[in-house]
Amino acid sequence: MGRVSGRACIVTGAAQGIGRAIAEALLDEGADVCFADINADKVATVAAANEGRAKAGGGRVISAAVNVTDREQVRSMIAKTVEAFGKLDVKFNNAGVNKPMNFLDVTEDNWKFIMDINGLGCLIGMQEAAHQMIAQGTGGKIINTASIASRQGFDNVAPYCASKWAVVSLTQSGARDLAKHNITVTGFAPGVVATEMWDQVDQDLMEIGAAERPGQAMEEFSADILKGRVARPEDITGTTTFLAAKDSDYMTGQIVMIDGGMTLV
C-alpha cells in the first residue's frame, strides 16, 4: 500500500512542471488524482498519459479544466472529482503565474494578473475545498504552493513576491479557521526549479533588460544554493507527498522550504 492509497486528490496547475510532478508522485503512492489546469487539452493529454501509472499504483486518474479565479469552475472541478472518486481528501492549490517587470515599471494590469491567479485563486481553492471537506465530515488536507519569493522580495518580480507572501498568510489564516473541522492547511516553498515556467521567466527577464543571455537569470538566482544545483520537479515531490499523507497529520499552518538551502529562515 502506498502512503496516500485511497485518498482523493486534486492538483491544480498539473499540466506541466511542479504540478504534474506532484500529481504523478501521488499516483505512484496509490492516490486517486484529478489533474487540473486551465489548459484543457494539455491536461487531458497528461492525465491520459498517466493511466498506466495510476493502474500500477492502485489509483485512478481524471482531468479537469479550470480557471482558478472562477469560483463556479472551481466548484465544477471539485464536483467532478467527487463524482469520480466519491470524496475529496487533499487539495493542492498549485496553479500560479509570473510575469517579470522592473519594479518601477510594474503596472496595475501586471499586478492584477499575478495577484488574481496566485492570491485570489488560492483563496477560492481553499474555500471551496473546505466546503466539500466540511460537508463530508471527514476532515482533509489543503496544501498551497508558496515560493522562496514568499520569504524575500526580488526587484524584477515584485507582484509575484507579494502574491506568494499572500499564500503564506492565507495558509496561516486557513489553518486557524479550519482546525475545528479537522482540516489541516500547509504549504511548501520551492526555490529555483527547472521547469517550463522558469524557461518563460528567463525569456521575460531578457526582454526587460534584466538579463543579457539565456540561462543567466537562473545562474544568478541559484548561485547561493547550498546544494550546488537548481532543483528538478522530483526534488519537490518527497515533501508534497508527505504533506498529503497521514505522516503530516499533526502539521498545520506551516510552510516547508524546499530550496536546497538558498534561503535560510
Selection from the stretch 116-170 of residues among the aliphatic types (A, V, I, L, M), over 15 Å from the mean Cα position of the chain (by Cα) and part of a helix (DSSP H, G or I) yields 130, 133, 134, 135, 158, 162
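Please enumerate the residues belonging to the stretch 67-86 that are in a loop (DSSP other than H, G, I, E, B) and either closer than 14 Å to residue 33 by Cβ or not β-branched (Val, Ile, Thr) (or both).
67, 70, 86, listed by residue number.
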Within the stretch 1-24, take every residue that is over 12 Å from residue 89 (Cα atoms) and either among the aromatic types (Phe, Trp, Tyr) or assigned to a loop (DSSP other than H, G, I, E, B) (or both) and give me the one that is nearest to the chain's Cα centre (by Cα).
13
Could you tell me whether residue 207 is acidic (Asp, Glu) and either touching a helix residue (DSSP H, G or I) at 6+ places or on another chain (Cβ under 9 Å) or closer than 26 Å to residue 265 by Cα (or both)?
no
What are the pairs with Cβ atoms under 9 angstrom where one residue, in the stretch 228-246, is within 16 Å of residue 147 (Cα to Cα) and touching a residue at least 12 places away in the same chain (Cβ under 8 Å) and the other, located anywhere, is assigned to a helix (DSSP H, G or I) and of a type in the set (Phe, Trp, Tyr)? Sequence gap at least six, or different chains.
230/198; 230/221
Within the stretch 218-249, restricting attention to residues that are closer than 25 Å to residue 204 by Cα and assigned to a loop (DSSP other than H, G, I, E, B), which residue is nearest to the chain's Cα centre (by Cα)?
233
Does any residue in the stretch 15-31 that is more than 17 Å from residue 97 (Cα to Cα) come within less than 8 Å, Cβ to Cβ, of a residue that is among the basic types (Lys, Arg) and surrounded by 24 or more Cβ atoms within 10 Å (Cβ to Cβ) six or more places away or on a different chain, and which pairs are these?
26/7; 30/7; 31/7
So residue 186 passes all but one of these: (1) among the β-branched types (Val, Ile, Thr); (2) in a helix (DSSP H, G or I); (3) under 15 Å from the mean Cα position of the chain (by Cα). Which condition number does it fail?
(2)
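FYI, it's all coordinate maths here, none of it is from the lab. Every value quoted in this text rests on a predicted model; they were computed, and no experiment measured them. As a convention, Cβ positions derive from the backbone with ideal geometry for all residues, glycine included, and neighbour counts pool all protein chains shown.
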